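To start, the structure itself, in structure tokens.
The values are calculated or read from the model by the stated rules, or taken from the named source; none is laboratory data. No experiment lies behind these values; they were computed from the predicted model shown. Using ideal geometry, Cβ is built from the backbone for each residue, glycine included, and neighbour counts are taken over all protein chains shown.
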């Protein structure tokens, strides 16, 4: 089994997710249709396929320790000139997102990794496209606003076609009684005596 590329994120719910994805495509971003609209918790990270059960257990434990919290997207920002990105700002819920991503990337866990830049929750709406298109994205969505309550996050895997696909959702709150851990499901059971 070879490595797989995973990402963990908070999905932007409908109708906002499709709206922002359509806008991103309209600005000329070729990656728009392969990336669901999201707030990143763990950026693209390569792991061995054999490590997936440990990753899934870790994410379930993280989700179990969180409770839903409000989130509001409002206005736009950019990481230019440091990085060619225009984004919709997280105006409320930033502390919750930061705490969540820190737990997902915990140094003692299977998703531990350093970031190239300090964590800043956001929703990318343009990446690596012409400056004029980036300017248009920033201006066009400056009045965008969306509010909802975050009730969990999800694990995605990138396919060979560069499309990100949902693997599993992790709702906040304790795991229901009787639901086994992924690692337990992947272990061979002991023979009956």
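For residue 88, the criteria (1) more than 14 Å from residue 127 (Cα to Cα); (2) in contact with a strand residue (DSSP E or B) (Cβ under 6 Å, 6 or more places away or on another chain) hold in every case but one, which is (1).
Counted as qualifying within the range 1-96 are the strands (runs of 3 or more DSSP E) with 1 or more residues that are within 18 Å of the chain's Cα centre (by Cα) and more than 19 Å from residue 155 (Cβ to Cβ), namely 69-78, 85-92.
If residue 174 satisfies all but one of (1) part of a strand (DSSP E or B); (2) within 30 Å of residue 58 (Cα to Cα); (3) more than 16 Å from the chain's Cα centre (by Cα), what's the number of the condition it fails? For residue 174, the failing item is (1). Quick one: is residue 133 modelled with pLDDT of 95 or more, touching a helix residue (DSSP H, G or I) at 6+ places or on another chain (Cβ under 6 Å) and closer than 18 Å to residue 77 by Cβ? The answer is no for residue 133. Does residue 110 satisfy the condition of being part of a loop (DSSP other than H, G, I, E, B), closer than 19 Å to residue 138 by Cβ and more than 13 Å from the chain's Cα centre (by Cα)? When the stated conditions are applied, residue 110 does not pass them.
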